[in-house]
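A.B. asks: Below is the structure I would like to discuss, written out as structure tokens.
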Amino acid sequence: MKLSEIIKKHLPPEKIRSGFKSDDRQDYLDAEKKLLEKHIVNFVKENKKTFEKITASLASGDVKTAHRTAHTLKSIAGYIGRKGLQEAAFSLEKSLQNGTADYTTEQLYILEKELSFALREFEPLVIKSEIAQIVEEDLTDLFEELKLLLKNGEFDALNFVEKLRGIKDMDELADRIEDYDFTGALEILDSLDKTK
């Protein structure tokens with residue numbers, strides 16, 4: 001049972017206050033989600049060869065490295081919510097403690113299966129992350145070019161209007177440029193820089 005649930009159970013309702021306003025709570029939840037997604041992406045990138053590393057370590061008699069790798073895998077699997085993988089890594093970790101290689105082929109089979117399943121399940125998130133990164137880099141270049149044109153009051157900035165309308169949340173920026181409000185457009189670009 002979570003501490004918050006215990007408190008709610010034993011305190012009168014009027015004594016319980018949430019530490020978050022609804023907006024603050026949503027911001028917190030969004031930040032938590034982004035952090036979890038970042039950990040998942042790192043998990044996929046860093047663990048594609050983990051099973052091979054464990055089996056190679058065991059084959060060469062390096063039980064210590066295999067044990068440490070299983071321990072690390074267990075921890076991250078728990079954090080990202082892959083219970084089956086966490087249990088499989090923990091089972092192998094226990095079998096390798098104290099430098100003894102007292103494990104079974106069944107344990108390795110289950111670990112490989114659970115790890116492969118998790119990697120496959122989370123691969124789309126990695127692809128989405130990579131696409132978002134490319135888009136962000138492209139937008140940064142576009143905004144830098146546009147900013148230079150706006151600062152110099154060049155009408156070539158109007159050539160960006162159609163492209164901006166195809167980008168989410170960029171209609172106001174496009175409107176300002178179309179209305180020749182280059183100062184207002186620059187203010188929007190500056191505000192975007194500050195929110196990064």
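FYI, it's all coordinate maths here, none of it is from the lab. In this text, all values refer to a predicted model and were calculated from it rather than measured experimentally. Here the Cβ is made from the backbone with ideal geometry for all residues, glycine too, and neighbour counts use every protein chain on show.
A.B. asks: Using R₀ = 45 Å, calculate the FRET efficiency as 1/(1 + (r/R₀)^6) where r is the Cβ-Cβ separation of Lys33 and Glu106; round to 0.05.
C.D. replies: So the FRET efficiency works out to roughly 0.80.
A.B. asks: Tell me, what is the Rg over Rh of the stretch 44-128, with Rh the Kirkwood radius over Cα pairs?
C.D. replies: Value, to two decimals: 0.97.
A.B. asks: With a point put 7 Å past each Cα toward its Cβ, work out how far Ile167 is from Glu154 in nm, to one decimal.
C.D. replies: Here the modelled spin labels are 1.7 nm apart.
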